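What follows is a short report on a single structure.
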Amino acid sequence: MYTQGLDIKTGDTSVPLERGDGQLDRRFQAKIDADEKIEPKDWMPEGYRKTLVRQISQHAHSEVVGMLPEGNWITRAPSLRRKAALLAKIQDEAGHGLYLYSAAETLGVSRQELIDQLLAGKAKYSSIFNYPTTTWADIGAIGWLVDGAAIMNQVPLQRCSYGPYSRAMIRICKEESFHQRQGYEIMLTLCRGTAEQKRMAQDALDRWWWPSLMMFGPSDKDSEHSAQSMRWKIKRVSNDELRQKFVDVTVPQAEFLGLRVPDPDLRWNAERGHYDFGEIDWDEFKQVLMGNGPCNRERMRARRSAHDNGRWVREAALAHAEKRRARAAAAPVAEAAE
Ligand code: BYC
């Protein structure tokens, strides 16, 4: 774990150690209001720490579970170029999971605890990864829509008040933007191909559009954590605002592809300067969150089996690290020179 001793100083010179008078809380909020970053050793309210552990770990789990729907297509990608790009994308997602677990560890929780919660079915991950990838066009739609939605949500997280999370986001966003482009390029190729390929692209858009809008979370009026997370500048933009931005950016992209967004209520509202769009099926969203989506059980089975199959690798890596540590302790100079 990366957590080091808690440093009670909040960057200010004379912080009183008594917490009862709310001074620490006030100084903490003042620091947030001044757009200063909170770092792992700074004092923070327990609620802030818990909110970050919850959000960052859910985000990490999403990256890791998110590899599964795409992994389904590595062996069936239509060319060597597509296979190499897909492999690289999935590998990036594993990396994102690792940065995010590391960021969560700075808050005093171990990666093992977080993974145990996921495997026990107690932790959430993004609803979107509980839908199946039935055709190659789904890989295009995931890159275009799912990574597109992820970027929309993650760009403001680069300015999150918690230093390790915001810094992880900067690198992740760069990679996500490559992912989004490779997805759109797959869609463009299909849409400029045969009538059958274009139908495949339309079918993928039909199936991924609404689940992509659900990625942004419940509407603002039903979002239990938003108000506090905005005050703490963990979240910078609300769920509904981000969803609207995503629709505004994505509809012209669909038009360029010659595809139809599957929403009869979608229309440009000149007065608002935004697209109006139909109501999300919140019952479906709730069912997916409760574990009843089309692939929830399959995803958890795959994660548990990967975890069990990887046990010997983790044990071997630990044994190797222990051997190196023991060698270094016995002969520090020789080990350092290695
Ligand atoms: N799915 O009060 P709210 C990727 C939960 S991966 C599941 O609005 P908050 C990629 C929410 O957790 C990108 N659960 O919460 C990878 C909360 O439950 P708990 C994933 C959802 O936290 C591979 C409850 O509903 N991105 O890009 O203020 C391949 C109430 O919601 C969902 C992130 O994780 C959902 N869609 O806001 C390709 C971004 N929505 O904890 C691509 C980081 C809501 O009370 N996370 N819930 O049990 C966030 O920005 C925020 O956590 C959310 C929700 C906007 C998602």
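Odds and ends about this structure:
- One Cα centroid belongs to segment 39-103, the other to segment 109-154; the line between them spans 8 Å.
- Cα gyration tensor, the chain - rounded (a/c under 1.5), prolate or oblate: oblate
- The value of relative contact order for segment 196-324, using C-alpha pairs under 8 Å at least six residues apart, is 19 percent.
- Of all lysines in the structure, not one has an alpha carbon short of 30 Å from that of LYS323, not counting any fewer than 8 places away in one chain.
- Flagged links, alpha-carbon separation over 32 Å, of LYS37/LYS83; LYS31/LYS89; LYS41/LYS174; LYS41/LYS235: LYS37/LYS83; LYS31/LYS89
- Summing Cβ point charges (Lys, Arg +1; Asp, Glu -1) relative to the Cα centre of segment 175-270 gives a dipole of roughly 180 debye.
- Counting heavy atoms of the protein chains alone, SER219 has an accessible area of about 20 Å² for a 1.4 Å probe.
- Net lengthening on full extension, ALA317/ASP25 (0.36 nm per residue, minus Cα-Cα): 100.9 nm
- Heavy-atom accessible area ranking, 1.4 Å probe, most first, across HIS307, HIS225: HIS225, HIS307
- 222 nm mean residue ellipticity, helices alone, for the chain (DSSP H n ≥ 4; -39,500 (n - 2.57); rounded to 500): -20000 deg cm²/dmol
- Student exercise, segment 248-338 dipole from Lys, Arg, Asp, Glu Cβ charges, in Debye to nearest 20: 960
- The value of relative contact order for the chain, using C-alpha pairs under 8 Å at least six residues apart, is 17 percent.
- Cα-based helix-to-principal-axis angle, 296-309 vs the chain, degrees rounded to 10: 50
- The chain: angle of helix 46-65 to the longest principal axis, Cα-based, in degrees nearest 10: 50
The values are calculated or read from the model by the stated rules, or taken from the named source; none is laboratory data. Keep in mind it's a predicted model, so treat the numbers as computed, not measured. All Cβ positions, glycine included, derive from the backbone under ideal geometry; neighbour counts span all protein chains shown. The area values use the complete protein model at the heavy-atom level, side chains included, leaving out ligands, DNA and RNA. Shrake-Rupley method; radii C 1.70, N 1.55, O 1.52, S 1.80 Å.
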